[in-house]
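Visitor: Pasting in a structure now, in structure tokens, and then I'll have a few things to ask.
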Amino acid sequence: MNQARRTFLKSTSIAGAVAVAMFAGLLRTGKALAAEWNSAAFTAKTLDDAMKNSGYAGAAPSDDILIKVPEIAENGALVPVEATSNIPGTTSIAIFSDKNPNPLIAEFKFLNGAEPFISVRIKMAETAPVRIVVKADGKLYTASKDVKVTAGGCGG
Amino acid sequence: MSMNRREFMQLLAFAAASGFALNSRSALAGNADRFYDLPSFGNVSLLHITDCHAQLLPIYFREPNVNIGLGASKNRAPHLVGEYLLKAYGIKPGTPEAYAFTYLDFEHAAKTYGKVGGFSHLATLIKKIRAARPGSLLLDGGDTWQGSATALWTKGQDMVDAGKLLGVDVMTGHWEFTLGADRVKHVVDNDFKGKVDFVAQNIKTVDFGDPVFEPFVIKQVNGIPVAIIGQAFPYTPVANPGYMTPDWTFGIQEDHLQKVVNDARAKGAQVVVLLSHNGMDVDLKLAGRVTGIDAIMGGHTHDGVPQPVIVKNAGGQTLVTNAGSNGKFLGVLDFDVKGGKVADFRYKLLPVFANLITPDAEMDVLIAKVRAPYETKLAEKLAVTEGTLYRRGNFNGTFDQLILDALMEVKGADAAFSPGFRWGTSLLPGEAITMEHVMDQTAITYPQTTLTEMTGTTIKTIMEDVCDNLFNADPYKQQGGDMVRVGGISYTCDLTKTIGGRINNMMLNGKALDPNRKYKVAGWAPVAEGVTGEPIWDVVSTYLRDKKTIAPRKLNLPKLIGVEGNEGIA
């Protein structure tokens, strides 16, 4: 049950939080990093604009992208999303959710043959597809799965 | 008055003699024991109970007359009610089986054949069936530690002890978790240790995804390794308060299930069974997608389905069963395993007719001991009902209507919501409604009542949301409860539409509901943490004591669109 690992992490979580805060601070002031952040893509308010501005529009459907999401979210504020690209030459993976205020949620770049697997938690206000777009050898591929976000209660 | 055992048998004999059906075995019988003579078959037998909802004593339970299936589920088990169900399974009307499996002629049949279930009666029946099936296993699909006053007041201890005495070998869960994660872990690590295997492949820790329980257990049955995999209710933290199990995540976990099945087979299992609390529609979909499972023995949706549904998949076939609720049925699955695999099977869902079975003395003692400290409180007569009171049905039940009426009157509300739970026993006309009966409908660990100001838009959004949990076209997105019961507001429900378009023509006191106006809405069973309010059982008992006589309820039912030719509605 990995109790030791869990206890260890709890005891170090305060120091960890400080480290994360410092890192976040560095990110905010890091001009080089800020310059690379695609503001037009991440602040776009519609799915079409977000895809267009991020360069992920017009992807072809693919069965080689594996997505793991809950059918019904246990908590819309923390929806676990896992994606794996089995497409050779994958260089990036982007996550979109249609009904989020800013539909582009994240973009991950994979350098030098890094394994194209991501596992993140995203926030969703309402039922919508979670779309994964993969760039491989300069071409775009996509797959999606619906996640239901419900008010809860009334079960069984 | 219900009849005693001898009268019951005389009636069976008479009915048979006069050409009134009954199955041939009982018709020939002439004695109660023969009614439950079930020839043994094969070499691996699994007995299955599920969703007893802590009903230790025999009860009445009226099956639904509305259990609608849409799309691929239309007019197929479990979405067949009344005469449609009888026809599909070749059960003759007017028989004990018709009484057990349908709502037909409920009041008369209930008086004739008496109460069903009861752990002492179940214990005797299980002993009899197991005597002819050496090495058999008893599986409990969960929803065992919740549903009665004594289960609530003893934090499920009465049912933990009763389950052990009954001889349960393997269990999974759902409502158990509403006692809190710590309580469940305590029982599994102490009371159940070395006696009952509590299994759940689909519960993991939120932080690292570590398993919380063993995913499966392999039992040797007459020298044959049999794997029982546990599938807890996947949407426990959605349908019930998530704060009860804050560190656990659930879900269907189909990919993981396939790995667990493969693992069990690799470890030598010749029979693989999923003990499931998914609900039958989810189980039917799952059976077509996951390979290597011989049978899914299911619960949650409380469907008394006389025969398994056989689902073909890439690996062969999987049987899917559902064994009803409230201790009313005992499922018996006999496998003939030859050459390392299942060659053939027999299945019977036996109704537990209390009048036909001599109660088990040891279980009687346990039940009497459990109830003793509470008897006076349980027996308090609050009112007399003039009509039948029941809960089960997609949109409303008379007991739910009574709860809605009580909520609206006691709270001074314009409208009321009551959850679409599927547990809760039935009462016959003329019976006294006791505190125990009220608790049978309300005994949960989050019983607070609320009075909330909601706009018409909010009311519609809630109703659409719950309706979609019932009628979403994808079974994996259904939660297995019924529609929220609505008091005060009439509406139409268009089953040809999707979420947002089903609930229409909402009217309150003859006026259309104003989307922007605020209404006072009473409710109970909040899933959010920290809500305060008088427990629902106090609200209902206050109302009943005041009324003394409860006239037959007028059900607030929606006008349904899109149910022509649907055999899930009578």
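Only the coordinates and a few stated rules stand behind these numbers; no lab work does. From a predicted model like this one, the values you see are computed outputs, not experimental measurements. Cβ: placed from backbone, ideal geometry, glycine included. Neighbour counts: every protein chain shown.
Visitor: Going by C-beta contacts inside 10 Å, put B:483, B:244, B:507 in order with the fewest on the left.
Guide: Least to most surrounded, the residues fall as B:507, B:244, B:483.
Visitor: Determine the relative contact order of segment A:68-121: mean sequence separation of Cα pairs under 8 Å and six or more apart, normalised by residue count, in whole percent.
Guide: It comes to 40 percent, rounded to a whole number.
Visitor: Checking the a/c ratio against 1.5 first, then a/b against b/c, what shape does the Cα gyration tensor give for segment B:149-209?
Guide: Oblate, since a/c reaches 1.5 and b/c is not below a/b.
Visitor: Give me a single rounded figure for A:67-78: the average over its residues of other chain Cβ atoms within 10 Å of their Cβ.
Guide: Partner Cβ neighbours, averaged per residue: 5.
Visitor: What are the ³J(HN,Hα) values, in whole Hz, obtained from phi via the Karplus relation 6.51 cos²θ - 1.76 cosθ + 1.60 with θ = phi - 60°, for each residue of segment B:258-267 in sequence order, with x given for Gly and Pro?
Guide: Values per residue, Gly and Pro as x: 4, 5, 5, 4, 4, 4, 4, 5, 5, 7 Hz.
Visitor: Going by amide H atoms built from the backbone, whose H comes under 5 Å of the H on residue B:197, apart from near neighbours?
Guide: Sorted by chain and number, the residues that satisfy this are B:170, B:171.
Visitor: Something else now. Pairs of lysines 8 or more apart, or on different chains, with alpha carbons under 22 Å: count those in segment B:271-349, would you?
Guide: Counting lysine pairs in segment B:271-349 gives 6.
Visitor: Amide H to amide H under 5 Å from residue B:65: which residues, 5+ apart in sequence or cross-chain, H placed 1.01 Å off N in plane?
Guide: none
Visitor: I've got another one for you. For residue B:336 and residue B:243, FRET efficiency with R0 = 60 Å and r from the beta-carbon atoms, rounded to 0.05?
Guide: My answer for the efficiency is 0.80.
Visitor: Relative to a virtual label point 7 Å from the Cα of residue B:255 in the Cα→beta-carbon direction, which members of segment A:78-118 show backbone nitrogen distances below 15 Å?
Guide: Only A:80-87, A:116-118 pass the distance filter.
Visitor: Counting only DSSP beta bridges with both residues in chain B, what percent are antiparallel, rounded to the nearest 5?
Guide: Percent antiparallel among DSSP bridges in chain B is about 65.
Visitor: Percent relative contact order of segment A:38-147, based on C-alpha pairs within less than 8 angstrom and at least six residues apart?
Guide: Relative contact order comes out at 33 percent.
Visitor: What is the distance in Å between the Cα centroid of segment A:38-75 and that of segment B:249-291?
Guide: 31
Visitor: Same structure, new question: What list of ³J(HN,Hα) couplings, whole Hz, do you get for segment B:214-231 from phi and the Karplus terms 6.51, -1.76, 1.60, once you set θ to phi - 60° and write x for glycine and proline?
Guide: 4, x, 7, 9, 9, 10, 8, 10, 6, x, 9, x, 10, 9, 10, 9, x, 10
Visitor: OK, next. Compute the orientation-averaged projected area for the protein assembly as shown from the convex hull of its Cα atoms and round it to one decimal in nm².
Guide: 34.1
Visitor: Among A:107-114, B:463-470, how do they line up by average Cβ neighbours within 10 Å per residue, starting with the highest?
Guide: B:463-470, A:107-114
Visitor: I'd like the mean, over residues of B:233-239, of how many other protein chain beta carbons sit within 10 Å of each residue's own Cβ.
Guide: 6
Visitor: If a/c stays under 1.5 just call it rounded; otherwise compare a/b with b/c (prolate if a/b is bigger, oblate if not). Do that for segment B:391-480, with a ≥ b ≥ c from the square roots of the Cα gyration tensor eigenvalues.
Guide: Oblate shape, in that a/c is at least 1.5 and b/c is the bigger or equal ratio.
Visitor: Sticking with this one: How far apart, in nm, are the 7 Å Cα→Cβ label points at residue B:520 and residue A:57?
Guide: So the label points at residue B:520 and residue A:57 sit 5.4 nm apart.
Visitor: Further question: For residue B:560, enumerate residues with amide H under 5 Å from its amide H, sequence gap 5+ or separate chain, H modeled in the peptide plane.
Guide: B:493
Visitor: Please report, in cubic angstrom per residue, the volume enclosed by the convex hull of the alpha-carbon atoms of segment A:38-147.
Guide: Normalising the Cα hull of segment A:38-147 by residue number yields 87 Å³.
Visitor: May I ask you to compute the full-extension gain from residue A:114 to residue A:99, defined as 0.36 nm times their residue separation minus their alpha-carbon distance, rounded to one decimal in nm?
Guide: Length difference between fully extended and current span is 2.4 nm.
Visitor: Just in segment B:461-566: which trypsin sites (Lys or Arg not before Pro) are loop by DSSP and have at most 15 other Cβ atoms within 10 Å?
Guide: B:517, B:548, B:554
Visitor: I would also like to ask the following. Using the per-residue mean of other Cβ atoms lying within 10 Å as a proxy for protection, in what order, highest first, do the peptides B:398-405, B:116-123, A:38-45, B:73-80 fall?
Guide: Put in order of decreasing packing, that is B:116-123, B:398-405, B:73-80, A:38-45.
Visitor: Sequence neighbours fewer than 8 away in the same chain don't count; with that in mind, list the lysines whose C-alpha is under 28 Å from residue B:511.
Guide: Leaving aside lysines fewer than 8 places away in the same chain, those within reach of residue B:511 are B:411, B:460, B:497, B:520, B:554, B:559.
Visitor: Another question, then. Can you tell me which of B:445-454, A:64-73 comes out highest on packing, and rank the rest after it, using the mean Cβ neighbours within 10 Å?
Guide: A:64-73, B:445-454
Visitor: How big is segment B:417-570 in terms of Cα radius of gyration and Dmax, in angstroms?
Guide: Radius of gyration, then largest Cα-Cα span, for segment B:417-570: 16.8, 46 Å.
Visitor: Please tell me the relative contact order of chain B in percent, rounded to the nearest whole number, where contacts are Cα pairs under 8 Å and at least six residues apart.
Guide: So the answer I get is 18 percent.
Visitor: With a bin width of 20 angstrom, please list the P(r) values of chain B as percents of all Cα-Cα pairs, from the 0 bin to the one holding the largest distance.
Guide: 21, 58, 20, 0
Visitor: Moving on. Using a 7 Å offset from the Cα along the Cα-to-Cβ direction at both residue B:34 and residue B:182, what is the distance between the two label points in nm, to one decimal?
Guide: Label at residue B:34, label at residue B:182, 5.7 nm between them.
Visitor: Among the lysines, select those whose C-alpha is under 18 Å from the C-alpha of residue A:135, and discard any that sit fewer than 8 residues away in the same chain.
Guide: Within reach: A:52, A:109.
Visitor: For residue B:326, what is the net charge nearby, where nearby means another residue's Cβ is under 11 Å from its Cβ and Lys, Arg count +1, Asp, Glu -1?
Guide: With Lys, Arg at +1 and Asp, Glu at -1, the net is +2.
Visitor: Same structure, new question: Calculate one ³J(HN,Hα) per residue across segment B:142-149 by plugging θ = phi - 60° into the Karplus curve 6.51 cos²θ - 1.76 cosθ + 1.60, and present them in order as whole Hz with x for glycine and proline.
Guide: Each residue of segment B:142-149 in turn: x, 6, 9, 9, 9, x, 9, 4 Hz.
Visitor: Once you order the gyration tensor axes a ≥ b ≥ c over the Cα atoms, which shape class does segment B:307-358 get: rounded for a/c under 1.5, otherwise prolate or oblate by comparing a/b with b/c?
Guide: Since a/c reaches 1.5 but b/c is at least a/b, the shape of segment B:307-358 is classed as oblate.
Visitor: Quick one: Debye curve from the alpha-carbon atoms of segment B:505-551 only, equal weights, vacuum; give me log10 I(q)/I(0) at q = 0.24, 0.26, 0.28 Å⁻¹ to two decimals.
Guide: Once normalised to I(0) and log-transformed, intensities are -0.90, -0.92, -0.97.
Visitor: Enumerate the whole-percent occupancy of each 5 Å bin, from 0 to the last occupied one, for all C-alpha pair distances of segment A:43-97.
Guide: 4, 14, 22, 20, 23, 14, 2
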